[in-house]
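Q: One structure, as C-alpha cells, below. Some questions next.
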Amino acid sequence: MKSAVIVFPGSNCDRDAAVAIEGITGQTPAMIWHKETELPDGLDLIVAPGGFSYGDYLRCGAIAARSAIVPALKREADRGVAVIGVCNGFQVLCETGLLPGALLRNAGLNFVCRPEPLEIANANSRFTAAYQGRREVVFPIAHHDGNYVADEDTLDRLEGDGRVIFRYRDNPNGSARDIAGISNEMGNVLGLMPHPERAVDLLHGGDDGVGLFQSVLEAA
Amino acid sequence: MTDAAAPPRNSAAMTLEDAREHGLSEEEWGVVLDRLGRPPNLVELGVFSVMWSEHCSYKSSRRHLRKLPTTGPRVIQGPGENAGVVDIGPGPNGEPQACIFKMESHNHPSFIEPYQGAATGVGGILRDVFTMGARPVALINALRFGAPEHPKTRSLVAGVVAGIGGYGNCVGVPTVGGETNFHAGYNGNILVNAMAVGIADQDKIFYARGAEPGQSIVYVGAKTGRDGIHGATMASAEFSEGEDEKRPTVQVGDPFKEKLLIEACLELMATDAIAAIQDMGAAGLTSSSVEMADKGGIGVELDLDDVPQREENMTAYEMMLSESQERMLMILKPGREAEAKAIFEKWDLDAAVIGQTTDTGRLVLRHQGETVCDIPVAPLADDAPNYDRPWTVPPKPAAVRTEDIPEPEDYRQALLKLMASPDIASKRWIWEQYDRHVMGDTVDSSQSGTDAAIVRIHGTNKALAITSDCTPRYVAADPFEGGKQAVAEAYRNLSAIGATPIAATDNLNFGNPERPEIMGQFVRAIEGMAEACAALDLPIVSGNVSLYNETDGKAIPPTPVIGAVGLIEDVGKIARIGGAQEGDLLILVGETRGHLGQSLYLREILGREDGPPPPVDLERERMARSYALGMHALPSPIAVHDISDGGIAVSLAEMCLAAGVGAELFVNVSEAQSGLVAQAPDTGSLCAWLFGEDQARYLIAAKPEPDTLGLLSAATNRGWEQGYQIIGRFSGDALKIADKVDIPLADIRAAYEGWLPAYMAGKSA
C-alpha cells in the first residue's frame, strides 16, 4: 500500500502515524512537507496527522488549511484516494472544506487525554470493514478542541447517510450527537478526533487501531 | 588581575548604590572594580550581576554540591553542561546511544503567573536537553502547592497544570509522570520542578565548549523583547508582599516556536556544522555567550544591532538581560552559514549572524556605532563568588513511641481518609490534561500508577524508567535522613518495575541560604543524598538549585527532589503495579518495624507532624532490591509496588485499585502448599504495622506456583530477618484486614478518585 503523511509546522503525530502504517502495511509512507505542491502518484492513503499545526493559533487547523500542499490533497481526495485526518488533521480537513462542521473547545474547557471507548457507528465503511462487525473499539484521545459542531441539517444528513463512523460511548468533549469521526459524501475521507495510530501495540495500551488501517489496506 | 582597557565611551560609571540595586554585595562590587580597574557602566554591571546571581553562579551551593557523586561507568557528562549525559548502550541500528536529562525549577515565576511560569519552565528544560543534541522523549513534573484550604491554591493548581499541558502537549513531548504534594509550608511559594529526558546518538552530542576564534555566532528563534529582564536576579531573592509588581519579569512561552526550534536544531545537528551551542535561558544572551566564550577559552564580539528585536528602541542593557523564550545561540564552523540558513528558512525561523568569536578573551558588545561593553570573560566565571555560608546542625526531633500512638477508632474510616488525603488521592484530574502518548513510545505513565513511567527507546525493545521523588516532611524533620530517603525512594521506584537505576538529576529547593538554619538544612540534605547516591550507585549528572524560596521570612519545607532514570533491557519483562490476579499470593519484602514518626497516619488521622522520619538503611535497600529482583526472575509475571506514603495499607490498596482485584490479609493461604501461611504482624500494633512507613520494602503479587513457593521456602532462612513474608492473598472485590477492615474496592476507589475533582470544582477544601 502506498501512503503519504503530510507534515505541517507543529504536526507532532506525523512520526506516530508513519510508524503505525509501516508496522501494519510493511511499507514506509512518504513524508510530505507542507510547502510541497504535489503528492506522489498512485497513493492509496494520505494522512493529515495530529499535533498543533501553527500552534493552533488563529483557529485550530485554519492556517494549515491554506498550505501549498492542500490543493493537491483536495485533488487526490476528489479522485477517491483514502484520506484520514486524525485530531489536528480532522480540524485541518474541516477547515479545507473536505469535511463539514467544525471543532470547538471541549465543553469541559480542559485538555483531555485518556483511552476512550468508541462505538463503530458504520461497520461497512472503507475505514471499518476489517473490524468485521465488531461494535466497540478503544482509541486514546488527546485534545483541547474536539467538540464537533455542525448545523442540524448537516448532522441529520451525516447520520442518515451513514457518515458518522465513530461515536463516543461517554462523550468527553460535548460533541454534537456524540460524534467522534465522520466521512465525506464519497466515503473516502475520514476525520476523527481519537488517535487510532496510538492504538497499534498491546504493550502501549491496546491495538484496536490496527483494524482501521487494515480496512484501508484491504480496500486498496 | 586588573583590566586596564579604557571604559566604553558615553556611559556613566556605576556606583556601589547601583550595584546593590543589582543584587551585588559590597564585597562583590569590590571584586568587579578590582578586575576592571575602573567602575563598570550600566551594561557591564548588568552582565556581572546576572552572571554572579545565585541562579547562575551557585555561589552559596557550589562547595557543597561537590560532595555529590557525579561519576560512574555510564556517565559521559556530569554536572556543568546544560544537562547530564549517560550511556544507555546500543540503539535500533546498534549505534551507541545516550540518555540526556535534567530537572529545573520555575518556582517564583509560577507563583506570580502560574500558566506562563509553568509553561516556560517546561520550555526551558526542554531546551537544556535538545541543546545537547537529544530528541526530548519524556517530561516529568514535581509540584508542591500550599494547603488546599489556602485561597490561592486552587487557582495555582489550575494554572500550573494548564501551563504544563499547554506547553508539553503542543510541543509534542509526552508528560509521563510526576508527583504532587500539598502543604501549608508552600502557601506563599509553590514549587514547579520540570524534568526533561532525551535520547541522542553518542557521536552527536553538543556542548557549550568547542568554539574557536574566527567563527560566526548565530542567533536563531524568537525575537528579543523586554520580557523576563532580571529573571535570574528575581530567582535569587526572597518574595515579599506586592509580588504582583514582579509580573512583568515573567516570560511568555511559545511552544509552537519551540517545536520548530527542536526540529530545526536536530536537523542542523545531523550535519557537522555546529561548533558550540547554548540555549538562551536564565540571563539570556549574556549567559549563553559568556558560557561559550568561557568554556571555549575565547572572546566574543556581538553587534547588538543585528539581534532580531520584537520591540522598538531596545537598549543594549535590555537586550543582554532579556529572558525572551525560545531562543538559541550557536557558533558555526567556518563556511557553514548557508547550510544553517537553509534549514532555518525551511522551518520559518528568524536567524541572524550577530557576531564573531575572537582570541581576545573579552566580551565586547557594540550598539548603534558604540562599544557599550568591553570586559574580560574569565572573571565572570572564574571569579564568581563562592561562599562558605555559616550553617547550624538541624536539631534532631524527639522520637515518638509506638505505644503512645492511638489506634484509629475505625480502621475502615482511617484507610478511606488516607486514600482521599491530598498527598495520596489520585491525581487523575492533573494528568488527564497531559498528552501522555504522543511519540508513540509510552508504555506506562501516571495513568498506570506504576512506580515509574516507562518510555520505550524508539525502535528498540529497551526502555527508560523515570521517576521523581522527595518526601519534604521527612527532610524537614531530619534533612540528612530525608535526603537519603529521596534517593532511596527513587531507587526503589525504578527497581520495583525491574529497571536498573543508572543516574539521577536533582532539584534542590530551599529557603534563604543566608540564614544558618536554612543553610544547615541544605548542607545536611546534600550530605544525606550523597551518601545514598554513593551506596546505591546512582550518580548525580545534572541539577538545579533554587534558593530564597521564602515569603515574608517564612521558608518552604526543604525539598530536594530527585529525578532518576533507569534502564530496562527487555520492555516485555517489566513488573507493573496492576498485574495482580485472583488467587495471587501477597508477599511483603523487607522488614516492618512500624515506624510512625512523620507518617501520613500521624498527620492525616491524628493531626500531628512530629517525630523523626523513618531511618534509611542503604544496605537493606540494596538487599530488598535483590529480593524483589529474585521474584522478577520467576517464570510467571508478577506485580510489584514499593511501600511509601501510608505504609502497607495504602500501597496494598493502590495495587488492588490498579488490578481491579481485592485482597485479604493474614488468611491461611493454602494448607496444601508446603505449609506456607500468611503471617500476622510482628510489631505488636496492627496500626503501626499497617500504616508505618519503614523504608526498603516492596509488596509483590505472585502466582502460587511451585517456582514461587520454592523460592519463598528457600529464602526464609536467608539474610536479614525474613527476605519474603507471605501476608495474604489477592481475591474478591474487597480489601479485608483481619476483623478490622472489610471495604469494597468501589468505596476505596470513590475515596481515592473523588478528592481532587471535587476540590477543583470547589466542593471541598
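Q: Tell me the angle of helix B:26-36 to the major Cα principal axis of chain B, expressed in degrees between 0 and 90 and rounded to the nearest ten.
A: Long axis of B:26-36 versus the principal axis of chain B: about 50 degrees.
Q: Turning to a different aspect of this structure: Give me the one-decimal nm value for the distance between modelled label points at residue B:352 and residue A:220, 7 Å along each residue's Cα-to-Cβ direction.
A: Modelled inter-label distance: 4.8 nm.
Q: Quick one: the Cα spread of segment B:439-527 along its three principal axes, in angstroms, biggest first?
A: Cα spread of segment B:439-527 along its principal axes, largest to smallest: 51, 23, 22 Å.
Q: Partner chain Cβ atoms within 10 Å, averaged over the residues of B:162-174 - can you pull that number for me?
A: Details: counts 4, 0, 0, 5, 4, 0, 0, 9, 8, 5, 10, 1, 3.
Averaged over the peptide's residues, the number is 4.
Q: Which net charge results when you count Lys and Arg as +1 and Asp and Glu as -1 among the other residues whose beta-carbon is under 12 Å from that of residue B:218?
A: Charge balance in the 12 Å sphere: 0.
Q: Okay, moving on. How would you rank B:470, B:656, going from fewest to most other Cβ atoms within 10 Å of each one's own Cβ?
A: B:656, B:470
Q: Among the listed pairs B:152/B:396; B:59/B:295; B:427/B:736; B:484/B:740; B:59/B:484, give every one whose C-alpha distance is greater than 29 Å.
A: B:152/B:396; B:484/B:740
Q: Sort B:34, B:201 so that the residue with the fewest other Cβ atoms within 10 Å of its own Cβ comes first and the one with the most comes last. Please report the intermediate quantities before stating the final value.
A: On the way: B:34 13, B:201 17.
Ordered by Cβ neighbours within 10 Å, fewest first: B:34, B:201.
Q: Oh, and also: Against the empirical 2.2 N^0.38 Å scaling, what ratio does the C-alpha Rg of chain B come to? Walk me through the numbers before you get to the answer.
A: On the way: Rg = 26.9 Å, N = 765, 2.2 N^0.38 = 27.4 Å.
Cα-based Rg divided by the globular estimate yields 0.98.
Q: Would you compute, from DSSP H runs of 4+ residues alone, the mean residue ellipticity of the protein assembly as shown at 222 nm, taking -39500 (n - 2.57) per run and dividing by the full residue count, rounded to the nearest 500?
A: -9000 deg cm²/dmol
Q: Same structure again: Where Lys and Arg each count +1 and Asp and Glu each count -1, what net charge lies around residue B:87 among other residues with Cβ under 13 Å from its Cβ?
A: -1
Q: So, one more: Could you tally the net charge around residue B:461, taking each other residue with its Cβ under 13 Å from the Cβ of residue B:461, Lys/Arg +1 and Asp/Glu -1?
A: Taking every other residue near residue B:461 into account, the sum is -1.
Q: With a 10 Å Cβ neighbour count serving as the proxy for reagent exposure, in which order, fewest first, do B:595, B:641 appear?
A: B:595, B:641
Q: Also, I was wondering about something else. Would you mind calculating the relative contact order of segment A:3-219 from Cα pairs under 8 angstrom and at least 6 residues apart, reporting the percent as a whole number? Don't jump to the answer; show the numbers that get you there.
A: Working: 499 pairs, mean separation 45.0, N = 217.
Contact order relative to length: 21 percent.
Q: How many partner chain Cβ atoms sit within 10 Å of a residue's Cβ in peptide A:102-114, on average, as a whole number?
A: 3
Q: Subtracting the Cα-Cα distance from 0.36 nm times the residue separation, let me have the gained length for residue B:610 to residue B:223 in nm, one decimal.
A: The residue B:610-residue B:223 span can extend by a further 134.1 nm.
We did not get these values from a lab; they are worked out from the coordinates using the rules stated. Here the structure is a predicted model, which means the values were calculated and not measured. Here Cβ is always computed from backbone atoms with ideal geometry, including for glycine, and neighbour counts include all displayed protein chains.
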